[in-house]
């Protein structure tokens with residue numbers, strides 16, 4: 001009787017789980033391999049970057065793609081954020097590993113923060129970050145605080161840069177906890193309580209960085225590590241979305257009840273959603289949308305480059321908690 005009851009419960013739970021992927025906004029942009037995504041609520045469009053071509057374009061909810069700016073000197077564009085003024089978009093520009101236009105003078109050496117006017121597509125800002133610390137560079141993601149300062153992660157140098165509204169750049173946080181081999185610091189968000197949250201792809205750890213004292217860096221204690229963690233999205237003051245790729249290809253939601261000293265895993269996407277190397281996330285109409293970067297194709301020298309890419313709804317399913 002007990003075995004029968006367990007079987008009925010299992011079948012009932014399995015039947016309740018969706019078995020089809022979530023909604024995708026597919027768009028045609030040959031060889032683009034977009035990494036960053038930012039939703040503009042004013043224009044109702046998604047801005048997307050390109051790790052392969054460096055270009056930045058916009059995608060309507062119906063899947064129509066148009067170019068905002070195309071400049072081969074960008075090499076690769078990664079993280080994107082709409083500026084608080086709503087008139088510009090900022091992009092992390094590097095030549096880390098996937099650019100069609102890579103060259104010896106920029107490969108693993110370039111780190112720039114580019115501002116672009118949303119109305120005209122013209123470049124408004126171009127800030128060089130590569131001279132702030134020695135070694136290799138990969139400007140990967142960014143966020144803005146309440147004073148419109150920008151913070152940029154360097155995934156090779158493993159530091160966080162700060163860029164003032166006037167364009168003055170400096171090293172904001174360079175902490176021993178950040179150090180790792182390969183790709184390190186990646187996604188980053190600003191928390192209105194006065195700190196940054198950032199994830200390291202290499203260690204799988206989420207770090208909390210005090211804005212008033214950037215030497216005060218602590219690990220957010222979590223139930224698991226997020227190796228290959230990529231984009232972050234602060235869904236609310238106590239909920240953080242973490243995008244993980246590199247084989248896992250899932251999106252998680254963490255919840256904190258102690259101001260991000262620790263966090264518990266409370267929701268995740270399903271294997272049935274079949275994300276294809278998800279990279280970064282944005283929020284539109286109260287839903288989380290994720291950019292499928294398809295980077296695994298770029299390691300296959302025999303493959304034909306994709307023409308179509310997809311922005312996908314991240315359906316976060318609550319996880320059962322042990323009693």
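The values are calculated or read from the model by the stated rules, or taken from the named source; none is laboratory data. Only a predicted model underlies this, so the values are computations on that prediction, with no experimental measurement involved. Cβ placement follows ideal geometry from the backbone for every residue including glycine, while neighbour counts extend to all protein chains displayed.
Being more than 27 Å from residue 145 (Cβ to Cβ), assigned to a loop (DSSP other than H, G, I, E, B), in contact with a strand residue (DSSP E or B) (Cβ under 9 Å, 6 or more places away or on another chain) and modelled with pLDDT of 95 or more: is that true of residue 52 here? It is true that residue 52 is more than 27 Å from residue 145 (Cβ to Cβ), assigned to a loop (DSSP other than H, G, I, E, B), in contact with a strand residue (DSSP E or B) (Cβ under 9 Å, 6 or more places away or on another chain) and modelled with pLDDT of 95 or more. One residue stands out among those in the stretch 271-291 that are touching a strand residue (DSSP E or B) at 6+ places or on another chain (Cβ under 6 Å), touching a residue at least 60 places away in the same chain (Cβ under 8 Å) and farther than 30 Å from residue 216 by Cα: the one that is surrounded by the fewest Cβ atoms within 10 Å (Cβ to Cβ), which is 284.
Note on the stretch 298-320: among residues that are without any contact (Cβ under 8 Å) to a residue 24 or more places away in the chain and more than 21 Å from the chain's Cα centre (by Cα), the one that is nearest to residue 45 (Cα to Cα) is 304. Among the residues of the stretch 173-211, not one is modelled with pLDDT under 95 and within 22 Å of residue 237 (Cβ to Cβ). Reported count of residues in the stretch 104-122, each being over 26 Å from residue 136 (Cβ atoms) and not in a strand (DSSP E or B), is 5.
Filtered by the rule that a residue be touching a strand residue (DSSP E or B) at 6+ places or on another chain (Cβ under 8 Å) and outside any strand (DSSP E or B), the stretch 228-256 gives 228, 237, 238, 245, 249, 256. Of 152, 220, 241, which residue is surrounded by 14 or more Cβ atoms within 10 Å (Cβ to Cβ) and without any contact (Cβ under 8 Å) to a residue 60 or more places away in the chain? Result: 220 is the single residue among 152, 220, 241 that is surrounded by 14 or more Cβ atoms within 10 Å (Cβ to Cβ) and without any contact (Cβ under 8 Å) to a residue 60 or more places away in the chain. Which condition from (1) surrounded by fewer than 19 Cβ atoms within 10 Å (Cβ to Cβ); (2) free of Cβ contacts under 8 Å to residues at least 40 places away in the same chain; (3) closer than 13 Å to residue 205 by Cα is the one that residue 247 breaks? If we test residue 247 against (1) surrounded by fewer than 19 Cβ atoms within 10 Å (Cβ to Cβ); (2) free of Cβ contacts under 8 Å to residues at least 40 places away in the same chain; (3) closer than 13 Å to residue 205 by Cα, just (3) comes out false. Beta carbons closer than 7 Å, at least 6 apart along the sequence or on distinct chains, pair a first residue in the stretch 66-92 that is in contact (Cβ under 8 Å) with a residue 60 or more places away in the chain with a second that is part of a loop (DSSP other than H, G, I, E, B) and surrounded by fewer than 24 Cβ atoms within 10 Å (Cβ to Cβ) for 84/148; 90/83.
Selection over the stretch 31-48 of residues that are on the phi < 0 side of the Ramachandran plot and in contact with a helix residue (DSSP H, G or I) (Cβ under 9 Å, 6 or more places away or on another chain) gives a count of 1.
For the stretch 265-274, the set of residues classified as within 26 Å of residue 183 (Cβ to Cβ) and not in a loop (DSSP other than H, G, I, E, B) consists of 265, 267, 268, 271, 273, listed by residue number. Could you tell me whether residue 53 is over 14 Å from the mean Cα position of the chain (by Cα), surrounded by 24 or more Cβ atoms within 10 Å (Cβ to Cβ), farther than 16 Å from residue 282 by Cα and in contact (Cβ under 8 Å) with a residue 24 or more places away in the chain? Yes: the conditions hold for residue 53. The condition (being buried (at least 18 other Cβ atoms within 10 Å of the Cβ) and either farther than 17 Å from residue 49 by Cβ or at pLDDT below 95 (or both)) is satisfied by just one residue among 160, 89, 127: 160. Evaluation of residue 295 against the conditions (1) over 17 Å from residue 47 (Cβ atoms); (2) over 14 Å from the mean Cα position of the chain (by Cα); (3) surrounded by 14 or more Cβ atoms within 10 Å (Cβ to Cβ) shows that the sole unmet condition is (2).
Evaluated against (1) assigned to a loop (DSSP other than H, G, I, E, B); (2) farther than 26 Å from residue 208 by Cα; (3) at pLDDT 95 or above, residue 323 falls short on exactly one condition, (3). The set of residues in the stretch 179-214 that are assigned to a loop (DSSP other than H, G, I, E, B) and farther than 23 Å from residue 281 by Cα comprises 179, 180, 181, 211, 212, 213, 214.
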